[in-house]
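Remarks on the structure that follows.
The values are calculated or read from the model by the stated rules, or taken from the named source; none is laboratory data. For clarity, every value in this text was computed on a predicted model and none was experimentally measured. With ideal geometry, Cβ positions are generated from the backbone for all residues, glycine too; neighbour counts draw on all protein chains shown.
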Amino acid sequence: MPPTTLPTPTNPPPRKEGRSWSRMIRRANNISTVVALLICVLFVGAVVGYFYSLSTKKTAVPAKTQVQTLSQEDIQKLTDVSTSLGNSNQTLNIGANSLFRGKLDVAGDLSVGGHFNANGPVTLSELNISGTTALSGLSVGSNLTVSGTTTLLKGLTVSQLLSVNGGLNVSGAASVNTLNTQSISTQTISIAGPLTIGHLRTQGATPGITAGSAIGGGGTVNISGNDTAGTVNVNTGSGTAAGILASVTFRAGFTGGVHVLLSPLTGASAATPVYVNRTSSGFQIRTDSPPPAGSVLAFDYFVTQ
């Protein structure tokens, strides 16, 4: 029996390595392309959404500046009691004249662009005015405090007590029915009617005085008082004569002619006939008869203009 011949095994054809790598590369490129397209789509969508949101914000009307027009139905609601229109973020513009016959309460600020006219009384707990205010009548029931300068162009009537803690300057005429004061310092005072004074006290610097030739050798003079009133003392010496006993010079000259009243204080001064020559700047005590030697001649004087 002839021997059995076995078939020779066939080896599989060798793989083509180059084709497998090329297929893998093509698949990877396809995936990268798809991913890139997805990224582009997402980026474009994000950009479009961003600019769309910006355009929406620019065209939107802020809530605080919303202005709405009332319908006829809304206007009719204004006549109802306890009707609320809109909210605090809205603005209500009324072009026509408005008349409130009842009470008007404003919870927030009230701004008036034009004139504010009140035909009746106005009650304010606090009033701050930064500009000029014209008032035809002002009635203040409580205290009125003015921190700045106050100018009154017309008359001021005070029914009760007026207290002035600082200085009071009156450039024009002041008419006072009754004036009670502890101290008055004035440069010029004019009184048309009677003047009642409990005590009259004058003050000022002492005038100057010089001795005349009539007092004789060794005689002296002195003065005490002021330009209005005082005392002149003349101490005569030896060899007295007629003439000027003393010359008095005012510290502040008067604006016109003066009147001088002399009153003798001693017997020697009463026995000596004296008279005065006066000017706006002072006066002289003169005699036409020689005064007694070694005597004291004292005179009180009172000067008015």
Legend entry - Candidates Ala214, Ala246, Ala241 - the one that is modelled with pLDDT of 95 or more and farther than 15 Å from Val276 by Cα: Ala241
Legend entry - Every pair of residues 6+ apart whose Cβ atoms lie under 6 Å, when the first sits in the stretch 277-299 and is over 18 Å from Gly239 (Cα atoms) while the second is part of a loop (DSSP other than H, G, I, E, B): Arg278/Val258; Ser280/Gly253; Ser280/Phe254; Ser281/Phe250; Ser281/Gly253; Gly282/Phe250; Ala298/Leu265; Ala298/Thr266
Legend entry - Filtered residue count, the stretch 225-265, keeping only those that are under 11 Å from Phe302 (Cβ atoms), over 50 Å from the mean Cα position of the chain (by Cα) and exposed (fewer than 15 other Cβ atoms within 10 Å of the Cβ): 3
Legend entry - Where a residue in the stretch 187-207 is within 26 Å of Gly282 (Cβ to Cβ) and its partner, wherever it lies, is assigned to a loop (DSSP other than H, G, I, E, B) and modelled with pLDDT under 85, with Cβ under 9 Å and at least six apart: Ser190/Ala173
Inset, instruction - Could you tell me whether the stretch 65-75 includes any residue that is modelled with pLDDT of 75 or more, on the phi < 0 side of the Ramachandran plot and not in a loop (DSSP other than H, G, I, E, B)? - result: yes
Legend entry - Residues located in the stretch 243-286, provided they are under 18 Å from Gly212 (Cα atoms) and among the polar types (S, T, N, Q): Ser247, Thr249, Ser269, Thr272, Asn277, Thr279, Ser281, Gln284
Inset, instruction - Filter the stretch 208-237 down to residues that are within 30 Å of Asn169 (Cβ to Cβ) and touching a residue at least 40 places away in the same chain (Cβ under 8 Å), then give me how many there are. - result: 3
